[in-house]
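First up is the structure itself, then whatever we jot down about it.
The values are calculated or read from the model by the stated rules, or taken from the named source; none is laboratory data. Fair warning: this is a prediction, and the values are worked out from it, not measured in the lab. Note: ideal-geometry Cβ built from the backbone for every residue, glycine included; neighbour counts use all protein chains shown. We work out accessible area using only protein heavy atoms, side chains counted, and drop any ligands, DNA or RNA first. Shrake-Rupley method; radii C 1.70, N 1.55, O 1.52, S 1.80 Å.
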Amino acid sequence: RLNSRLAAGLVLALAPMQAPTRLRVLQHFAQKRALDVPGDLLVWLADHLTGGGRQLEGAVSQLETLARIHDGLLKTDAIRKHFESQLEAQQPNVQRIAQAVGNYFRVPLRDLQSRRRFRNIVLPRQVGMYLSRQLTSLSLKEVGDYFGSHDHTTVLHACKKIEIAMRSNPELSGAVPPLLSQLT
C-alpha cells in the first residue's frame, strides 16, 4: 500500500537529524562494533557531523580504523584533529553553493557566473547570492564578483528580493530550505 502511494507522488519531507539523535546513532554503531569510544568524543562528533546514518556509520568505521592503528587507544585530541579536516571540507563556500543552486534550478554554473540577465538565470543567481550571504562570511562585493562581477548593490537587492519572495512565492519557499539543509 505504501508503494502505491509513493508511486502516485506522495512527497515526504525528512528533517535532518538533530544532535541527540546523531549521538544515539553513533553510540549504536560503536556498540555494534564493540568499540570503546570516550563519551565526550561521541558528543563532539554528534555536534559537528551533520550528515545522515551513512556518514555517522562511516565516522565510526574511521574510529575503528584509528583504534587499530593506535593499539586501541582513542585520544580525543587526535580524533578531533582527524575529523576537523573533513569538517572544513564540508563547510559551505560560494562554489558549493553555486553548484547546488545550479543543479537545483538546472542552470549551468557558467550561466550563474555570467552577466547575462535572462529570466531563467536571474532567479537562480539571486538565490545563490542570498545563500552565499547566509552561509558564508563573504562581503557583498565578493559575492557579486563571484556571480558575474555584479556590484554590492545588486547583491543587496537580490538578498532582499529573495527574503520577500520566500514569504509569498510557494515555489521559492519550497526551494530555499532544501538548499539550505543540503549545504549545512
Assuming Val107 fulfils every condition listed in (1) crowded, with 18+ Cβ neighbours inside 10 Å; (2) not in a loop (DSSP other than H, G, I, E, B) apart from one, which condition is it? (2)
Which condition breaks for Lys81 when tested against (1) among the basic types (Lys, Arg); (2) more than 23 Å from Asp47 (Cβ to Cβ); (3) part of a helix (DSSP H, G or I)? (2)
For region 24-53, which positions are of a type in the set (A, V, I, L, M, F, W, C) and either assigned to a loop (DSSP other than H, G, I, E, B) or within 17 Å of the chain's Cα centre (by Cα) (or both)? Ala34, Leu35, Val37, Leu45, Ala46, Leu49
Regarding region 54-70, can at least one residue be identified that is at pLDDT below 80 and either in a helix (DSSP H, G or I) or surrounded by fewer than 14 Cβ atoms within 10 Å (Cβ to Cβ) (or both)? yes
Lone unmet requirement of (1) under 14 Å from the mean Cα position of the chain (by Cα); (2) acidic (Asp, Glu); (3) not in a helix (DSSP H, G or I) for Glu88: (3)
Residue list for region 117-171, filter: among the hydrophobic types (A, V, I, L, M, F, W, C), crowded, with 17+ Cβ neighbours inside 10 Å and under 16 Å from Phe105 (Cβ atoms): Ile121, Leu123, Val127, Met129, Leu131, Phe147, Ala158, Ile162, Ala165, Met166
Since Ser114 meets every condition but one in (1) assigned to a helix (DSSP H, G or I); (2) open to solvent by less than 80 Å² (accessible area, probe 1.4 Å); (3) among the polar types (S, T, N, Q); (4) farther than 21 Å from Leu56 by Cβ, which condition does it not meet? (1)
For region 71-94, give me the residue count where each residue is exposed (fewer than 13 other Cβ atoms within 10 Å of the Cβ), under 30 Å from Arg110 (Cα atoms) and either among the charged types (D, E, K, R) or in contact (Cβ under 8 Å) with a residue 40 or more places away in the chain (or both). 1
Restricting attention to region 164-184, which residues are small (Gly, Ala, Ser) and within 9 Å of the chain's Cα centre (by Cα)? Ser181
